[in-house]
Amino acid sequence: MHIIRRFFVTAFFSFFFIISVFAQEKDLNIGFLIPDRTSVAARDGALLAVKKANEQGGCDGKKFSLIIRSTAGLWGTGSKVAVSMIFDYDVLAIAASLDGRNAHLAEQITTKTKVAFVSTWSTDMTLSYAFVPWFFRVIPDDMTQGRSLLQGIAGLKEKTGDVLLVSEDTYDAKNAMGTFMKIVEKRTGNIPRQMLIKKESGTDDPGMTDFSIPAAETYLLFGTPALAAAFLEQYHHRGLTAPVFGNLSITDDRQAHTQDLSRLENVVTISPGFWFTDKGIAFQKNFRKQYGYDPGPAAAYAYDGINVIIEAVRKAGTNRNRIIGYLSGIRYEGVTGEIRFDDKGNRREQPRLMIIRNGKPSSF
């Protein structure tokens, strides 16, 4: 009887020893959502942040692990994969390089489960309208971008003047244009002219072949690099010379390729910061060495988004509520500049403008 009791006692403590060892070796999981498999640049930026953190020792002897999932598929896929990340992989937080609509789906899940959600690409203002204490955005939102763009336009023309807003017929682009219109109306009482560009049937590119650009004192673009390229082709063909501005999204499509900024020659847009700082230049070098191409803004914001989560875990531990609390007051120097959040989770920093000269970004 004594032998049997001793056996069970030994087995009992051995079992809990194995469990404790397993717990110590378990990775610290961070979720990362991308729209589809073509969004390689954002994915690579996030992976580089985790790689660097693990080379520095991870956190308390544990390694960070990135759980990457795509939201491609039927509407609602983003919700399903977010649920899986939280309950199947026990992620400490979720970051996402998504458009506004898909970001909303992920945000709804993190709202119900009280998991920190860090947006690295969507600029949609309505993401922060829910006043959820665990929503954070490392990319400048439409409001702060709009203010910087209006300031740049007014400074160049000495007044706002006649601005033509050119937008893709997409959720994010129309939201960005709508936010800018509200800013202008509030400050000047005027509503700028708008032009909505729809995509050609069966393609992913704006249908610009039959597009005629009206005369204007200034043009402001909202959309993807495809919109900017198509617009500028017509612009140069007609010999137009009016200044062209654009929001941040015209500089990057989140895909893996070296940034060819020459297509945006003389265009003024939002600066993501990392092209101008020592920390940003070091990031570019490391990224190029790791992946063989130059990073764009999507990669840089994904890198910073994962890094603020890693910083929060290192300082606050693995309790999700403490991670949220730490992020709320974080002051982190990222490759895209200083990152702090306001009471709605939006990035506090007012973004600067840059202009493309000889294919390279320059301060404006």
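Rule-based calculations on the coordinates, nothing more; no lab input. Source: prediction; values computed, not measured. Cβ atoms come from the backbone with ideal geometry, glycine included; neighbour counts cover every protein chain shown.
Couple of notes before you dig in:
- Taking only Cα atoms of the chain, radius of gyration then Dmax in Å: 23.0, 98
- Across 182/344; 80/198; 174/285, pairs whose alpha-carbon gap is larger than 25 Å: 80/198; 174/285
- A cut-off of 5 Å between modelled amide H atoms, ignoring neighbours fewer than 5 places along the same chain, links residue 245 with 219, 220, 221, 268.
- Residues considered: 326, 129, 301. Largest GNM mean-square fluctuation over the chain, using C-alpha springs under 10 Å, is found at 129.
- Label point distance in nm, residue 350-residue 237, each placed 7 Å from Cα along Cα→Cβ: 3.9
- Amide proton proximity set for residue 339, modelled H, under 5 Å, gap of 5+: 332, 333, 334
- Per residue, the convex hull spanned by the alpha carbons of the range 228-273 comes to 83 Å³.
- Stretchable slack from residue 129 to residue 276, in nm (0.36 nm times residue separation minus alpha-carbon distance): 49.7 nm
- With the simple spin-label model, which puts each label point 7 Å out from Cα in the Cβ direction, the residue 74 to residue 343 separation comes to 4.2 nm.
- In terms of other Cβ atoms within 10 Å, 137, 314, 322 run from fewest to most in the order 322, 314, 137.
- Likely footprinting exposure, 121, 134, fewest C-beta neighbours within 10 Å first: 134, 121
- P(r), alpha carbons of the range 60-108 - 10 Å bins starting at zero, rounded %: 24, 55, 16, 5
- The range 87-130: translational diffusion in µm²/s, Stokes-Einstein, Kirkwood Rh over Cα pairs, 10 °C, 1.306 mPa s: 149
- Among 82-94, 278-290, the peptide with the highest mean count of other Cβ atoms within 10 Å heads the list, and the full ranking is 82-94, 278-290.
- Cα pair distances of the range 205-330 binned at 10 Å [whole percent]: 11, 32, 26, 19, 9, 3
- Over 14 Å [Cα-Cα, the range 248-308], rounded percent: 58
- Rounded, prolate or oblate (a/c below 1.5 giving rounded, otherwise prolate when a/b exceeds b/c) for the range 28-117 by Cα gyration tensor: oblate
- Set of lysines near residue 315 by C-alpha distance (under 18 Å), chain-local residues within fewer than 8 positions excluded: 52, 62, 63
- Förster-model FRET efficiency, 51 Å R0, residue 151 and residue 112, C-beta, rounded to 0.05: 0.85
- Computed [θ] at 222 nm, helices only, for the chain once each DSSP H run of length n ≥ 4 contributes -39500 (n - 2.57): -14000 deg cm²/dmol
- Contour excess over end-to-end distance, with Cα ends at residue 89 and residue 265 and 0.36 nm allotted per residue: 58.9 nm
- Proxy reagent accessibility, fewest Cβ within 10 Å first, across 109, 68, 250: 68, 109, 250
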